[in-house]
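Since the structure comes first, as structure tokens, the remarks are kept for the end.
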Amino acid sequence: MVLPHHLPSSSAVLILAAALAWAFFAGCTPRAMRYARETRSSYISARAVLAEVKEFPSAMEEVLRSRNPEDLPSRAGALIREARDLIPEAASAFRTVKERIDLLRGEGEGAYTSYAAAMQHLVDLNLKVLELFGEFIGLSAAALEGFPYTDNPSNLMPTLNRMDELMAGVEELSSRIASGEEEAESLFRALEE
């Protein structure tokens, strides 16, 4: 940059500082936007894995209604194993989202940090959902071990009641997640404008 010779040195320093600041922030914004996009994309991927976990209760219910009780233990056992394998996969996917959020926080400010905070809140809620499903799957496995229920079937009621509580918790969290996703998407759209 060529400065006019007639400017005092303090003015030259201010102009240079302003130019450097502009270059710094102009350089940061595209990187922050890239991290915001990566955060959004990795969140969508993580939610896709969680959606597979969420299919477990209905898939298990379908197996339990089977007209062939001899097949029930093997079919239910296979479902439980598949669901258990998905839990760490989903947790890993949400860790990836968190890594992107941390990068965004390091680069962004203002609207970017608001978006990062909204996404972090969503990750936290989704991890709670994942915990509830982990417990639900564990209870399903424990209930399966007692099949067929030759003892008093009422002994199974505490387990079934707890499973109902877990699913009610999932529904409540899912409602909060849906609301949070709307807010986060609105923040993201504002960043793109």
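The values are calculated or read from the model by the stated rules, or taken from the named source; none is laboratory data. Remember, predicted model here, so these are calculated numbers, not experimental data. Please note: Cβ atoms are built from the backbone with ideal geometry, for glycine as well, and neighbour counts cover all protein chains shown. Please note that ligands, DNA and RNA were not included when accessible areas were found on the heavy atoms of the full protein model with its side chains. Shrake-Rupley method; radii C 1.70, N 1.55, O 1.52, S 1.80 Å.
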Across (1) of a type outside the set (A, V, I, L, M, F, W, C); (2) surrounded by 14 or more Cβ atoms within 10 Å (Cβ to Cβ); (3) within 19 Å of R47 (Cβ to Cβ), P88 clears everything bar (2)
Residue set L104, L127, L166; condition modelled with pLDDT of 95 or more, within 14 Å of the chain's Cα centre (by Cα) and hydrophobic (A, V, I, L, M, F, W, C); output residue L127
Filtering region 39-51 down to residues that are loosely packed, with under 14 Cβ neighbours inside 10 Å and either modelled with pLDDT under 90 or within 22 Å of R162 (Cα to Cα) (or both) yields A51
Of those in region 52-67 that are at pLDDT below 90 and either within 30 Å of L122 (Cβ to Cβ) or not in a loop (DSSP other than H, G, I, E, B) (or both), the residue most open to solvent (accessible area, probe 1.4 Å) is E62
Discussion item. Please verify whether L122 is at pLDDT 95 or above and either in contact with a strand residue (DSSP E or B) (Cβ under 7 Å, 6 or more places away or on another chain) or open to solvent by 30 Å² or more (accessible area, probe 1.4 Å) (or both), treating the condition exactly as stated.
Written reply: no
Taking R189 as the residue in question, decide whether it is part of a helix (DSSP H, G or I), at pLDDT 95 or above and within 24 Å of E89 (Cα to Cα).
-> no
| said: With the structure loaded, tell me whether P158 is at pLDDT below 95, assigned to a helix (DSSP H, G or I) and not hydrophobic (A, V, I, L, M, F, W, C) or whether it fails that test. | reply: yes
Across (1) surrounded by fewer than 15 Cβ atoms within 10 Å (Cβ to Cβ); (2) assigned to a helix (DSSP H, G or I); (3) at pLDDT below 95, E70 clears everything bar (2)
Counting only residues in region 83-98 that are free of Cβ contacts under 8 Å to residues at least 40 places away in the same chain and not polar (S, T, N, Q), the one nearest to R37 (Cα to Cα) is identified as K98
Residue check: is E181 open to solvent by less than 70 Å² (accessible area, probe 1.4 Å), within 14 Å of R40 (Cβ to Cβ) and not aliphatic (A, V, I, L, M)?
yes
